[in-house]
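Q: Below is one structure. I have some questions about it.
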Ligand SMILES: Cc1cc2nc3c(=O)[nH]c(=O)nc-3n(C[C@H](O)[C@H](O)[C@H](O)COP(=O)(O)OP(=O)(O)OC[C@H]3O[C@@H](n4cnc5c(N)ncnc54)[C@H](O)[C@@H]3O)c2cc1C
C-alpha cells in the first residue's frame with residue numbers, strides 16, 4: 001500500500017519522451033557551439049549520414065567510430081529524437 | 001535488480017508525500033553535476049545544486065593555459081545560468097550525507113528524495129614521499145596550481161630540464177599528461193629551445209600512444225623523452241626543495257617538476273561511505289545508483305565506469321543518462337538500459353588535434369565498450385585532418401560548457 005501511495009503521488013512528475021539509447025550523448029558536441037546543430041534538421045538527413053558513416057562512406061573524423069556502435073534501428077531512433085525541436 | 005530498484009524508489013519516495021514535487025540535491029557543480037542539475041530541472045524535478053566554489057574552472061584546455069596559449073579567465077564558468085532557470089544554487093561545501101539529507105559545512109541540512117553526486121577527484125600527494133605541491137605543482141585541478149606551473153615554466157632558464165610524471169591507472173583524463181607534455185614541449189621549442197622535457201610514466205602504455213609518439217617524433221625530436229615504467233618511469237620519491245625526482249632506476253635534476261599524484265573519488269564520497277577499497281565509487285551502470293547506498297547516484301570522475309574514461313565528455317553524457325534514470329525512478333518506473341558516448345580531443349601543438357572515441361553499454365555490472373565501435377584518429381593522416389580535429393576540440397569545448405553551465 002505504501003508503495004502504491006508513493007507511486008501515485010510521484011505521478012506529479014510528468015513523463016516526457018525518454019531519449020532512445022545513445023541519443024542524449026549527442027548534445028555533448030552538437031549543441032550549436034560550432035558542430036552542426038541537430039534539432040530541426042530532417043530526420044532522414046541525420047539517419048542517412050549516420051548510416052553512411054557506419055558503412056565507412058564519406059570522410060568523417062570521429063562519427064564513423066561512433067556510428068559503428070549503433071544498429072540501424074538505434075540510429076533511426078536517435079535521429080528522430082535529436083531532430084525534434086526542444 | 002530491476003525489481004529491487006523499483007521497490008527502493010517507492011520506499012525512498014515515501015516522505016515526499018507531503019510535497020508537490022520530489023526533491024533532488026546535486027553535490028558538485030562541475031561538468032557532471034552542473035549538467036545533471038540542468039537535465040533534472042528540465043525533467044520537472046525540483047533541484048538544489050551544492051557547489052563549494054562560486055565559479056568553476058575547467059580542466060579541459062587548461063594545458064593550453066600552462067603553455068601560455070590561453071588565459072585562465074577563458075576557463076571560468078559561473079552558475080548564474082542555472083539560477084536564471086530556477087535551479088537553487090547553494091555555494092557551500094557539503095560535509096557529509098546522512099539518511100536522506102545532505103549536511104552542509106555550516107551545519108544546515110538539505111533533505112532529498114534522491115541525491116546525485118559528482119564530486120570529482122581527491123589528489124594524494126602524500127603517496128609520493130617528499131612531495132610538496134607548492135614546489136612541484138600537480139596542476140591536475142584547474143586553478144592556482146595551473147598558474148603556478150605556468151609561472152615556473154616562464155621563470156625557467158633556457159636549457160632547463162622539465163620533468164613531468166604521469167600516474168598509474170585509473171586517473172582523471174587518461175590522455176591529459178601526454179597532451180600536457182606536448183604543449184609544454186611546444187612552449188620550450190618556441191621559447192626555450194635548449195631545454196628538454198622528460199615524461200616519467202608509471203605505466204608501459206597509454207591512451208592514443210601511437211598518435212602521440214608519431215607527433216612527438218615529427219614535432220619535438222630530441223626535446224621530449226617518454227620513459228615508461230619498465231625503463232624507470234615510476235617516481236618513488238622527490239626532494240621538492242632541491243627539485244630532484246627519484247625513480248626506481250635513478251634520479252633527475254629538474255628545473256621544473258610537474259608531479260601528477262595518484263587519485264581517488266572526491267573526499268565527500270568517502271565521507272558519505274560511497275567508496276570501496278579502490279577509493280572509487282561502484283555504481284549500477286543503468287541508473288548510476290551507488291552499490292553501497294541506495295537513493296544516492298554518482299557520476300563523473302568519482303565512479304568506477306568500466307571502459308568509460310574519466311573525462312568531461314563522459315561526465316556530461318553520464319549526467320544526462322543519470323537524470324533520466326532518477327526521473328524514471330521518481331515516477332516509479334524502471335530506467336531503460338542506456339548507451340553512452342565519449343570523445344576526447346588532445347592538442348599536440350596549436351592546430352594539431354587528435355581524438356579517441358568510444359560507445360558504451362551496461363555489461364556484467366559495468367560500462368563496456370560496444371564491440372566494433374570507437375578508436376582513435378588515423379595514424380599518418382594529412383595535416384588538414386589534424387587541423388580539423390583541433391577545431392573540433394574547440395567546438396566541443398564551447399558546446400559542452402554551454403550545455404553544463406547555460
Ligand atoms: C589537464 C586536464 C585536461 C583535461 N582535458 C579534458 C578534455 O580535453 N576533455 C575531457 O572530456 N576531459 C578532460 N579532462 C577531464 C575533466 O576535467 C574531468 O573528467 C571532469 O572535470 C570530471 O567532471 P566531474 O563533474 O566528475 O568533476 P569536476 O569537474 O572535478 O567537478 C567536481 C565539482 O564538485 C565540487 N565539489 C567537490 N566536493 C564538494 C563538496 N564536498 N561540496 C560541494 N562541492 C564539492 C568541486 O568544487 C567541483 O566543482 C581534463 C582534465 C585535466 C586535469
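Q: Name the strands (runs of 3 or more DSSP E) wholly inside the range B:107-212 in which the number of residues that are surrounded by fewer than 22 Cβ atoms within 10 Å (Cβ to Cβ) and either within 23 Å of the chain's Cα centre (by Cα) or within 11 Å of the ligand (Cβ to nearest atom) (or both) is 1 or more. Steps first, answer last, please.
A: Working: elements: B:109-111, B:114-117, B:121-123, B:161-166, B:196-201.
Those strands (runs of 3 or more DSSP E) span B:121-123.
Q: Next up: What is the number of the single condition among (1) surrounded by fewer than 24 Cβ atoms within 10 Å (Cβ to Cβ); (2) farther than 22 Å from residue B:79 by Cα; (3) within 12 Å of the ligand (Cβ to nearest atom) that residue B:397 does not meet?
A: (2)
Q: Given the criterion outside any loop (DSSP other than H, G, I, E, B), at pLDDT 95 or above, buried (at least 17 other Cβ atoms within 10 Å of the Cβ) and more than 8 Å from chain B (Cβ to nearest Cβ), identify the matching residue among A:79, A:52. Even if it seems obvious, please write down each step before you answer.
A: Working: A:52 fails: buried (at least 17 other Cβ atoms within 10 Å of the Cβ).
Step by step, each of A:79, A:52 is checked, and only A:79 is outside any loop (DSSP other than H, G, I, E, B), at pLDDT 95 or above, buried (at least 17 other Cβ atoms within 10 Å of the Cβ) and more than 8 Å from chain B (Cβ to nearest Cβ).
Q: On the given criteria, is residue B:239 more than 30 Å from residue B:185 (Cβ to Cβ) and surrounded by fewer than 24 Cβ atoms within 10 Å (Cβ to Cβ)?
A: No: the conditions fail for residue B:239.
Q: Something else: Residue B:293 - would you say it is away from chain A (no Cβ under 11 Å) and either away from the ligand (no atom under 14 Å from the Cβ) or under 24 Å from residue A:68 (Cα atoms) (or both)? Reasoning before the result, please.
A: Numbers: away from chain A (no Cβ under 11 Å): yes; either away from the ligand (no atom under 14 Å from the Cβ) or under 24 Å from residue A:68 (Cα atoms) (or both): yes.
So residue B:293 fits the description; yes.
Q: Here is a further query. Of all residues being surrounded by 24 or more Cβ atoms within 10 Å (Cβ to Cβ) and within 7 Å of chain A (Cβ to nearest Cβ) in the range B:318-332, which is farthest from residue B:366 (Cα to Cα)? Just the residue, please.
A: Within the range B:318-332, the first condition is being surrounded by 24 or more Cβ atoms within 10 Å (Cβ to Cβ), and the residues that meet it are B:318-323, B:325-327, B:329-330.
Keeping just the survivors that are within 7 Å of chain A (Cβ to nearest Cβ) gives B:320-321, B:327, B:330.
Details: B:320: 17, B:321: 15, B:327: 21, B:330: 23 Å.
If we take residues in the range B:318-332 being surrounded by 24 or more Cβ atoms within 10 Å (Cβ to Cβ) and within 7 Å of chain A (Cβ to nearest Cβ), then B:330 is farthest from residue B:366 (Cα to Cα).
Q: Can you find even one residue in the range B:60-76 that is within 14 Å of chain A (Cβ to nearest Cβ), outside any helix (DSSP H, G or I) and within 14 Å of the ligand (Cβ to nearest atom)?
A: Yes: one or more hits.
Q: If you don't mind, there's one more thing I want to ask. So which residues in the range B:377-396 are in a helix (DSSP H, G or I), within 7 Å of chain A (Cβ to nearest Cβ) and in contact with a helix residue (DSSP H, G or I) (Cβ under 9 Å, 6 or more places away or on another chain)?
A: B:396
Q: Identify, please: which residue in the range B:77-91 is buried (at least 18 other Cβ atoms within 10 Å of the Cβ) and either away from the ligand (no atom under 12 Å from the Cβ) or within 14 Å of chain A (Cβ to nearest Cβ) (or both) and is, among those, nearest to residue B:44 (Cα to Cα)?
A: Checking each candidate, the answer is B:87.
Q: Here is a further query. Out of the range B:92-104, which residues are over 21 Å from residue B:300 (Cβ atoms) and either within 14 Å of the ligand (Cβ to nearest atom) or assigned to a strand (DSSP E or B) (or both)?
A: Initial filter on the range B:92-104 (over 21 Å from residue B:300 (Cβ atoms)): B:98-101, B:103.
Those that are over 21 Å from residue B:300 (Cβ atoms) and either within 14 Å of the ligand (Cβ to nearest atom) or assigned to a strand (DSSP E or B) (or both): B:98, B:101, B:103.
Q: Now a separate question. Which numbered condition in (1) over 25 Å from the mean Cα position of the chain (by Cα); (2) more than 22 Å from residue B:204 (Cβ to Cβ) is the only one that residue B:264 fails?
A: Looking at each condition in turn, residue B:264 falls short on (1).
Q: Just one of the numbered conditions (1) part of a helix (DSSP H, G or I); (2) touching a residue at least 24 places away in the same chain (Cβ under 8 Å) is not true of residue B:335; which one?
A: (1)
Q: Between B:276, B:284, B:239, which is under 26 Å from residue B:160 (Cβ atoms) and in contact with a strand residue (DSSP E or B) (Cβ under 9 Å, 6 or more places away or on another chain)? Don't jump to the end; show me each part of the working.
A: Numbers: B:276 fails: under 26 Å from residue B:160 (Cβ atoms); B:284 fails: under 26 Å from residue B:160 (Cβ atoms).
Only one candidate passes the filter, namely B:239.
The values are calculated or read from the model by the stated rules, or taken from the named source; none is laboratory data. The model shown is predicted, which means the values in this text are computed figures rather than measured ones. Positions of Cβ are generated from backbone atoms using ideal geometry, with glycine treated the same way; all protein chains shown enter the neighbour counts.
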